[in-house]
Amino acid sequence: MGKTTTLFLTFLKIGAFTFGGGYAMIALLKEEFVSRKHWITEDDFYDMAAIAESTPGPVAINSATYIGYRTAGFWGALVSTLAVCIPSFLIIYLISLYFDAFLHLTYVQYAFQGIQAGVIYLIFSAGIQMAAGIWKKKNRLHRLILFAVAGTATALSLSAVHFSTLLFILACGVIGVSAYLAGLLHHTDTTRRKP
Amino acid sequence: MIYLKLFLHFFKIGAVSFGGGYGMLPLMRETVLDNGWLTESQFLSFIAVSESTPGPLAVNMATFIGASQGGIAGSLLATLGVIMPSFFIILVIAALIQNLLKYEGVKAFLSGIRPCIAALILTAAVTMGFRIFFGITDIRNRMSADYRTITVFLLLLLAGFASKKKRGKKLTPVAILALSAVFGIVLQLIFSYS
């Protein structure tokens, strides 16, 4: 079996059986490509994991593209990325066909009343967990961004003022870079002043 | 043209969804509400289904929302839109700039974005809570509390706390959704008999 075919089948399997999102998948990928097939070295794998987590997009997609490219070039990347999406796509598409009818069942309606609260709980605890991780690192700028964005975004949204989430994200990236550049300037200033 | 709109919106979401999983929810929520594609409670139900099926949340949500707005073609285009930015960004990194993350400027950019994403996720949760629990979309609205969903939320807080204390583990998303479904049914039965 060619490498591209193996990539396709492996990522199809991974796409079909990974619950719990990207991070659960990282462990599975390591087992498959580092320990069993030896297609990727351990160091390269950790580089990949860091890149997949910090670039935009789902970790699953990012790692499929990266591993696919490193083992079989452009076509490897394309085949792996598509393969990891195909199971989700089929499952969700099938569900979407019957979802409206399903939601009209009385008990399902009752259940989904509760589930709405469950989803808010999930999102809330994910946000708290992320915020706590940032808070613990004791970086003043990051703490400030956290509070400023949460405060303004909530206030704007509750006063029905339209704001773009996109602008917040990009502005904070720019603030991060500016703070770094300001730090550099400050640093060279103080080193210059020393006799 | 709904197909083009779906593709472009999801492309945008894919391009700035830092922070994995829940990171893309605030922008996705803004998109579906602003375009009138889904109501808040439909959006929440879609998240519940996407969380309890295999595969990345972003792909599941894109497929689901795409299908609801434009059938099979809509779901294909939304899904392609959401994965395309990642695909090209990673391709460029893997082929040309593998040490991208070692540049201080890139690190600084990402470090500014991370707290922002956490804040936006919290904001999304809070505004969703205001709408679902209290019927408030902006402060001029009169409050109409929905005691069933509020009770479910409080019960989940308790369950989450108990699980952490007793087993030292957090509940998995699927367990939380299953619990909340049971609470929803039980509470409805209690409320309608009382």
Dividing the mean separation of Cα pairs under 8 Å (6+ apart) by the residue count of the stretch B:2-145 yields a relative contact order in percent of 29
Can you flag which of A:37/B:107; B:107/B:164; A:3/A:30; A:30/B:102; A:138/B:12; A:137/B:102 are past 24 Å Cα-Cα? A:37/B:107; B:107/B:164; A:138/B:12
Counting only other chains, and only Cβ atoms inside 10 Å, what mean value do you get across the residues of B:174-184? 6
Principal axes first, then extents: for the Cα atoms of the stretch B:81-175, list largest minus smallest coordinate on each axis, whole Å, largest first. 55, 43, 27
With a bin width of 10 angstrom, please list the P(r) values of chain B as percents of all Cα-Cα pairs, from the 0 bin to the one holding the largest distance. 8, 27, 32, 23, 8, 1, 0
Rough spin-label spacing in nm, given labels placed 7 Å along Cα→Cβ, for residue B:35 and residue A:101: 2.6
Taking a ≥ b ≥ c as the square roots of the eigenvalues of the Cα gyration tensor of the stretch B:147-194, is the shape rounded (a/c under 1.5), prolate (a/b larger than b/c) or oblate? prolate
Give me the residues in the stretch A:109-131 whose solvent-accessible area, probe 1.4 Å, is reduced by at least 50 Å² once all protein chains are included instead of the chain isolated. A:110, A:113, A:115, A:116, A:117, A:119, A:120, A:121, A:122, A:123, A:124, A:130
Those trypsin sites (Lys or Arg not before Pro) in the stretch A:106-190 that DSSP places in a loop and that have at most 15 other beta carbons within 10 Å: A:137, A:138
Need one number: nm distance between label points at residue B:8 and residue B:172, each 7 Å from Cα along Cα→Cβ, rounded to one decimal. 4.1
To the nearest Å², the heavy-atom accessible area per residue of chain B with 1.4 Å probe amounts to 43
Which whole number gives the average count of other chain Cβ atoms within 10 Å of the Cβ atoms across peptide B:59-70? 5
As an exercise, use a Förster radius of 35 Å and the Cβ-Cβ distance of residue A:31 and residue A:166 to find the FRET efficiency, rounded to the nearest 0.05. 0.40
By its C-alpha gyration tensor, with a ≥ b ≥ c as the square roots of the eigenvalues, how is the protein assembly as shown shaped: rounded for a/c under 1.5, else prolate for a/b larger than b/c, else oblate? oblate
In whole percent, how big is the carbon plus sulfur part of the accessible area of the protein assembly as shown, probe 1.4 Å, protein atoms only? 68
Just checking the output field for B:156-167: average partner chain Cβ neighbours within 10 Å of each residue's Cβ? 1
For the pair residue B:150 and residue A:38, what calculated FRET efficiency results from E = 1/(1 + (r/R0)^6), where r is the Cβ-Cβ distance and R0 = 41 Å, to the nearest 0.05? 0.15
Accessible area lost on pairing B with A, both sides, 1.4 Å probe, Å² to nearest 100? 8200
Could you work out the helix-only [θ] at 222 nm for chain B, with each DSSP H run of four or more residues adding -39,500 (n - 2.57) and the total divided by the number of residues, to the nearest 500 deg cm²/dmol? -26500 deg cm²/dmol
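The values are calculated or read from the model by the stated rules, or taken from the named source; none is laboratory data. Remember, it's a predicted structure, so these values are computed and weren't measured experimentally. Here the Cβ is made from the backbone with ideal geometry for all residues, glycine too, and neighbour counts use every protein chain on show. To get the accessible areas, we keep the full protein, side chains included, count just its heavy atoms, and leave off ligands, DNA and RNA. Shrake-Rupley method; radii C 1.70, N 1.55, O 1.52, S 1.80 Å.
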